[in-house]
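Taking it in order: structure first as structure tokens, then the write-up.
The values are calculated or read from the model by the stated rules, or taken from the named source; none is laboratory data. Just so we're clear, the structure is a prediction, and the values are computed from it rather than from any experiment. With ideal geometry, Cβ positions are generated from the backbone for all residues, glycine too; neighbour counts draw on all protein chains shown. SASA here: full protein model, heavy atoms, side chains in, ligands and nucleic acids out. Shrake-Rupley method; radii C 1.70, N 1.55, O 1.52, S 1.80 Å.
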Amino acid sequence: MVDEKKESRSSYLLERTLNKALPRRTFLKGLAVGTAVATLTPAKTAEAFSFSDFFKKHYKELSPQEKTAMLTRIEAETKKRYGIDVKVEDPPPMDGVEFVYCLNLSKCIGCRKCVYACVKENNQSRDPQIQYIKVLEMPKGSLDVHEGNMYYDHEDVPQKDKFYMPVQCHQCKHPPCVKVCPVEATWKEPDGIVVIDYDWCIGCRYCEAACPYEARRFNFTDPKIPTEEINPNQGYLSNRIRPRGVMEKCTFCLHRTRKGLYPACLEVCPTGSRKFGNILDPNSEVRAVIQHKRIFVLKEELNTMPRFLYFFD
Amino acid sequence: MGFKNLKRACFLKPSLRKLGGLATACLAFIVLTYQPLWAESPTPESTESAPESILSFSVVPRIPKLNMYPCTDCHTGDKDYNNQERILKEEHVEMATHFRNGDKDQRWCHSCHHEKDYLHLTAQNGQIVTFNEAYVVCGQCHGTILRDWKKNIHGRRVGKWVSPAEAQAASCTECHNSHGPKFKHQKPLPPPQLPRGKKAPSQEGHKKEH
């Protein structure tokens, strides 16, 4: 008797729910919130993700207002987490500009000053160590990178019978890393720089495997940077402090270069081996290098068309 | 007589019109070919600024960074100017690297430094240059490098990449020691951490296994 009553009651409720015109939108909203709560609560990562962060649009679809709100949010999160005031900007690519980098292999002495200037400028993790530039010590007479040694530790450089080849992201015109990304978290900007949206990256590391220049690095843990060494002038697509589990790489310091400054690695180079500029400008230094010097393209046979070129005197 | 009066005079007396025309022509000639007197004899200042003006970019001034400048701090009187070619034993001994000190067939101090005027350098053609324009002196022998430097292939630029107007070129002596221009060997910064479980390769580098 009681069971019968219960059954009829529940069937009545079910019937009423089904017959009630529940708007699809409301239903999806509820589903989304439910999913978000289910995703966030058990992992206790609610502080790492905000709601707006989790449901934000792809970088390319953001309106200027949404972008500003996003940058403000990142600034506030950095303040909360590291206790310092930073300025996160997103300088757009300049019109009529395509960046090219040239490096003089005859001049480089392998002092690694560029490596550490880059680490400092781009807020790379000190422990575990992440460095964008690998300086290969190579025997003279060979350009085979497999004969290079990046762990050299001599009393003085340059060593006799050795030359030094710094390798960093080549900002390819046909970037294999962009091709393999399953979520479009990395793409090529109009000025030629391949960028990563750290908020969109899922950390699958396909790009790391695809890159022929070993230019991409993975944040296995939250980056550890001494607070006093954090560079407060940050760019959304370049040197803002990365979260755990995302890829990062050299961006030609786009937060600097898109404002007309030179990259940090160039400014620190004591030998003047590094040349940077706009390839579309006939008076630029990279144009002069390409016109007057012998150019070497690393792994040219892969047809990646790098924007990072080596040259000799 | 003003120009107006002259014109009026010509109008009044037609016989004077010819003369007035001649005077106007003379005046025009003088105005067009007028040059100040000092244009004939250039002062040393104008010679010094000549090399700077042929460059399409500006150069980082060097004089504010010099340690022992002005030289007149020590070399005060005439007796301090011993220009006899000799081996230096007391002062400036450490600067004898780029030239053979006292070797008659080679360069010595006054190949580059002016004999009388210690505040300036001198080129082989007698041109007087300041310490800011040392590239004129260096470029006499290192011509191919000077050519590359002018094209911004050799050397460093300070400032912005956007245009040559917003960047300054570092002069030769900004990076090179003028008395020993070869780059000194230096200790490299520490190598990257080895990945866990990886052994450091020998300092000789990798050898091909096949």
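With 18 Å as the limit on Cα-Cα distance, the pairs of A:Lys107/A:Lys293; A:Lys173/A:Lys293; A:Lys120/B:Lys187; B:Lys65/B:Lys187 that go past it are A:Lys173/A:Lys293; A:Lys120/B:Lys187; B:Lys65/B:Lys187.
Using 0.36 nm per residue and subtracting the Cα-Cα separation, the extra length available between A:Met94 and A:Ser106 on full extension is 1.2 nm. With a 1.4 Å probe rolled over the protein heavy atoms of all chains, the accessible area of A:Tyr132, A:Tyr82 falls in the order A:Tyr82, A:Tyr132, largest first. With the simple spin-label model, which puts each label point 7 Å out from Cα in the Cβ direction, the B:Glu115 to B:Glu91 separation comes to 1.9 nm. Site pair A:Asn231 and A:Ile290 shows an inter-label distance of 2.5 nm when each label is modelled 7 Å from Cα along Cα→Cβ. Between A and B, buried accessible area from a 1.4 angstrom probe totals roughly 3800 Å², ignoring ligands, DNA and RNA.
Dividing the radius of gyration of the alpha carbons in the range A:185-313 by their Kirkwood radius gives 0.98 for Rg/Rh. Here the calculated FRET efficiency for A:Asp161 and A:His58, from their Cβ-Cβ distance with R0 = 51 Å, stands at 0.50, rounded to the nearest 0.05. Counting only protein heavy atoms and a probe of 1.4 Å, the accessible surface of the range B:104-210 is 55% carbon and sulfur. Oblate is the label for the range A:55-137. Its Cα gyration tensor axes, ordered a ≥ b ≥ c, give a/c of at least 1.5 and b/c at or above a/b.
The alpha carbon gyration tensor of the range A:99-312 gives principal lengths a ≥ b ≥ c with a/c below 1.5, which makes the shape rounded.
Loop-located GluC sites (Glu not before Pro) across the range A:128-190 with a Cβ neighbour count of 11 or fewer within 10 Å are A:Glu155, with loop assigned by DSSP. Between the C-alpha center of the range B:109-154 and that of the range A:216-288 there is a gap of 36 Å.
Considering only the Cα atoms of the range B:117-210, their convex hull presents on average a projected area of 11.8 nm².
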